[in-house]
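For reference, the structure is listed below as structure tokens.
We did not get these values from a lab; they are worked out from the coordinates using the rules stated. Just so we're clear, the structure is a prediction, and the values are computed from it rather than from any experiment. Positions of Cβ are backbone-derived with ideal geometry, glycine not excepted, and every protein chain shown enters the neighbour counts.
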Amino acid sequence: MHYLAPLFTVLGGWLIWGKHFDRRFLIGMFVAIAGTVPLTYHDISFTTSQLQGDIAAFLSAVFLGLYPLIIEQLQTQLSSVIIMTWYSAIGSLLLLPIVLLTEGRLFPYSLSGWVYVIFLALICQILGLGLYAYSLNRLSSGFVSLCDLLVPIISSLEAWVIFSESLNWATLISFVVIVLGVYITSSSQFAIKEEVESAM
């Protein structure tokens, strides 16, 4: 369900902000999404407990799909640094009550714990999401959202190299189809903002 986020980005951009995408972009998007099917088909279940998780994942895909659209619109008035600063501050304030109610400890109690938290903040929050927001200056929100489908490929390759985890043929085929879809989309004039502006 989570891999449907690009679909909601494109749909939201079209319905809310009147964005347009050509046939090449849409074909590439559906090819990439189709490539995720082998990665997820074994997780689909219709039991009550699993169905609740699927619904949560579906809603997560909707919100994740809207995220690049909102950041893209904010960048018309604010810099990426200001957006990420407020994003982090608001997120921290909203999560603080939940952490206080559900966890017995707020801060790490060991040196290794602090190291993990610091690296999580530097690499994932500042570097990762910072570059994500910066990329929206040059790339369309739909294309950036579609590139999120490359995350399982990179994660699996890292797990293969670092932890010697095996990759089956279905996973490899899925990777090839996803990369093909992203490549097709990247050749669309609606993937890169400069090309969109010159085309209009």
## Note on the structure
Mean-square fluctuation maximum in Gaussian network of the chain, Cα pairs under 10 Å, restricted to L51, L129, L96, hits L96
## Note on the structure
Which residues qualify? For S140, with a placed amide H closer than 5 Å and at least 5 residues away or on another chain, they are I192, K193
### Message
If amide hydrogens are placed 1.01 Å from N in the peptide plane, which non-local residues have theirs closer than 5 Å to the one on D22?
### Response
F190
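Could you tell me which GluC sites (Glu not before Pro) in segment 106-200 are loop residues by DSSP with no more than 16 other beta carbons within 10 angstrom of their beta carbon?
Details: sites: E158, E165, E194, E195, E197; in loops: E165.
Hits after loop and neighbour filter: E165.
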### Query
With the dipole of segment 54-200 worked out from charges on the C-beta (+1 for Lys and Arg, -1 for Asp and Glu) around the Cα centre, which of W169, P108, P68 lies farthest toward the positive end?
P108
### Task
May I ask you to derive the relative contact order of the chain, considering only C-alpha pairs under 8 Å and at least 6 residues apart, and to give it as an integer percent?
43 percent
### Summary
Expressed in angstrom and rounded, the centroid-to-centroid distance over alpha carbons for segment 115-170 and segment 1-38 is 19 Å
### Query
How far apart, in nm, are the 7 Å Cα→Cβ label points at I162 and A34?
3.3 nm
### Task
For segment 123-164, just say rounded, prolate or oblate: build the C-alpha gyration tensor, square-root its eigenvalues into a ≥ b ≥ c, call rounded for a/c under 1.5, and beyond that prolate if a/b exceeds b/c, oblate if not.
oblate
### Summary
Among V182, V161, V144, the residue with the largest mean-square fluctuation in a Gaussian network model of the chain built from Cα contacts under 10 Å is V161
### Summary
Given 169-177, 3-11, 115-123, the highest-first ranking by average Cβ count within 10 Å works out to 3-11, 169-177, 115-123
#### Entry: Theoretical gain in end-to-end length, S110 to Q52 [0.36 nm per residue, Cα-Cα removed]
17.3 nm
### Query
Spin-label point model (7 Å from Cα, Cβ direction): what's the V117 to F63 distance in nm?
2.3 nm
#### Entry: Gaussian network model of the chain, Cα within-10 Å springs - most flexible of L26, L150, L167
L167
### Task
Match the structure shown to one of the listed values [x] 0.94; [y] 0.97; [z] 0.99 of Rg/Rh (Cα atoms, Kirkwood Rh), computed from it, and give that label.
[z]
